[in-house]
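The values are calculated or read from the model by the stated rules, or taken from the named source; none is laboratory data. None of these values were measured; they are calculated from a predicted model. Here the Cβ is made from the backbone with ideal geometry for all residues, glycine too, and neighbour counts use every protein chain on show. Each accessible area value is taken on the protein alone, full model and side chains, heavy atoms only, with ligands, DNA and RNA left out. Shrake-Rupley method; radii C 1.70, N 1.55, O 1.52, S 1.80 Å.
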Amino acid sequence: MQTLEALDLYHLPMGDPAMGEDPWPEFEKARQRHPWLARWDEFGYVVHEYAAMRELFRQDDKLRPPYAGIVEELGQVGTPWGRFTQEQMIALPPDQHKLLRTTFAAKFTPRNANQLRPMMRATVARLLDDWAPRGAIDFEEFSSHFPISVMFALVGAPHEGIALLRDDLEAIGLAHSYQLDRFPRIQEGMVRLEKFVEDTIAERRAHPRADGVEDLLELLIRTGDEGEISPRQLTDLIMFFFIAGYDTSKNVLTYTMYTLLDYPEIYARCAEDYDYCRKVIEEALRWFNPGTVARYADEDIAYRGVLIPKDTMLFFPLSVSGRDPVTYPDGDRFDPDRPIEPERRHIAFALGKHMCLGQYIARAQLQEALHQIAQRIREPRLAGPVGWRPFPGTWGLRGLPITFTPGEARVREAEPA
Ligand code: HEM
């Protein structure tokens, strides 16, 4: 059994702005030195191979989320972000996490997500009515309005608050790039988000919906009450939905558009063929996703002849897993008709006991958005330079200027299954 110290590992320049722009050559260098592991000097080790990520997540009882340690290391204990990060769903001790997850998981099925599609469709149509006639937009800015508008509709909050909270979520989303100068703005955003969620819950408890329809907020309140979830946990959970669902979805939508600029035939077909949009989104999630998951080894782990000692910090860059050349020899080809085999399924939503609870909502909103965007934003062309968000963190594009031909809104006849 080899020790970590005995391995000759590549030191990945994580956090370097060049990694945000183009991480792939760095991961290639890491692969040349070791098939599945690299070093991140400040924090720990990076598991960079798709198969190793899958296999280690299969043993996720031996891993523990590292948030308490990260908050301490960043000197954020007792701050609004620090408190939330140490108590949010992923950070809870296993028994408390299990209780919270089993209480809510049954409500986050594909069926439940499908019921939200008419609202998602109406939300994207409304945004496109405003943005599509312009002919030239920053697509990232456009797409940043979509997931947050969906979340506002899900909790029945008035639209006026969207702009401010969007800026807050933008700031909060950069927390996991671990750059200390960002934290004053992040704390401001956390205070506002918490107040917004508390007010929204209080308003709904005081005034339940008159039409008798149970929307997501009502469902969460009722399920939380029945499952004896504390008011603090319910507030944190809804805050978490806003944080977890915002720039993940936005960045995937933006990167999908960026990719499809090079595949005009695929893009044009998305306007005509709703079912094809599902395939395009699955391939897009393989091709790019924003997440890097962090864990500590909770005990000594022996894996492929290497001993990972207890308390070693491990990073899993899901974001680059879908183009690992060992699993995807032709991974640099964007092909929505690629067969989806169980052992090569993308892991954009992670695996194991923390696998994304919002994955069906995320997929539904991305599919609905893409279908209508392709109808209204026709023949898009890149109109200027793009920027990049830090890697890791919630990675993605910063700015995507495009010009295009405005298209007509259309009504889709068939409802999704
Ligand atoms: C494309 C969009 C999305 C991506 C790529 C994504 C990705 C992820 C990943 C990688 C995790 C695991 C994190 C970890 O283990 O440390 C996660 C967890 C989670 N996500 Fe998402 N997510 C997306 C959208 C959403 C949305 C829209 C929601 C809510 C409506 C959501 C709610 C959650 C929740 C609640 C968890 C924690 C589950 C648990 O700890 O049991 N996500 N997500």
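Quick notes on this one:
- Residue 16-residue 332 FRET efficiency (beta carbon distance; Förster radius 25 Å; 0.05 resolution): 0.65
- Note on residue 106 and residue 230: the extension gain reaches 42.7 nm, defined as 0.36 nm multiplied by sequence separation minus the Cα-Cα distance.
- Residue-averaged 222 nm ellipticity for the chain, from DSSP H runs of 4+ at -39500 (n - 2.57), nearest 500: -16000 deg cm²/dmol
- Local electrostatic count at residue 48 - Lys and Arg +1, Asp and Glu -1, tallied over other residues with Cβ under 9 Å: -1
- Distance violations [Cα-Cα > 29 Å] among 195/279; 62/195; 29/98; 107/279: 195/279; 62/195; 29/98
- 16 Å Cα-Cα reach of residue 353 towards aspartates and glutamates, excluding residues that sit fewer than 8 places from it in its own chain: 55, 60, 61, 95, 298
- In this label model, residue 304 and residue 141 are separated by 4.5 nm, measuring between points 7 Å along each Cα→Cβ vector.
- Taking the protein heavy atoms of region 314-417 in the context of the full set of protein chains, the accessible area attributed to carbon and sulfur is 56 percent at 1.4 Å.
- Under 5 Å from the amide H of residue 63 lie the amide H atoms of 298, each residue being 5 or more positions distant or on a separate chain, with H modelled from the backbone and absent for Pro and chain starts.
- Under 5 Å, built H, 5+ apart or other chain: amide partners of residue 301: 308, 310
- The Kirkwood radius of region 319-417, taken over pairs of alpha-carbon atoms, gives through the Stokes-Einstein law at 25 °C and 0.890 mPa s a diffusion coefficient of 145 µm² s⁻¹.
- Residue 398 long-range amide H proximity, modeled H, under 5 Å: 387, 388, 389
- Once both labels are positioned 7 Å from their Cα atoms along Cα-to-Cβ, the gap between residue 55 and residue 203 label points is 5.1 nm.
- Burial ranking of peptide ranges 214-223, 285-294 (average Cβ count within 10 Å, highest at the top): 285-294, 214-223
- Taking the DSSP beta bridges with both ends in the chain, the antiparallel portion is around 80 percent.
- Cα-based convex hull, the chain, per residue volume (Å³, whole number): 140 Å³
- For region 179-312, a/c is not less than 1.5, where a ≥ b ≥ c are the root eigenvalues of the C-alpha gyration tensor, and a/b does not top b/c. That puts it in the oblate class.
- Of the DSSP H helices in the chain, those that are both long (alpha-carbon extent of 27 Å or more along the helix axis) and hydrophobic (Kyte-Doolittle mean at least -0.5) are 231-260.
- Surface share of carbon and sulfur [accessible, 1.4 angstrom probe, percent] for region 181-312: 54 percent
- Whole-number accessible area per residue in Å² for region 309-351, which is evaluated in the context of all protein chains at 1.4 Å: 45 Å²
- Loop-located GluC sites (Glu not before Pro) in region 220-277 (DSSP state other than H, G, I, E, B) with a sparse environment of at most 13 neighbouring Cβ atoms within 10 Å: 228.
- Mean accessible surface per residue for region 33-182, computed with a 1.4 Å probe while every protein chain stays in place, in Å²: 41 Å²
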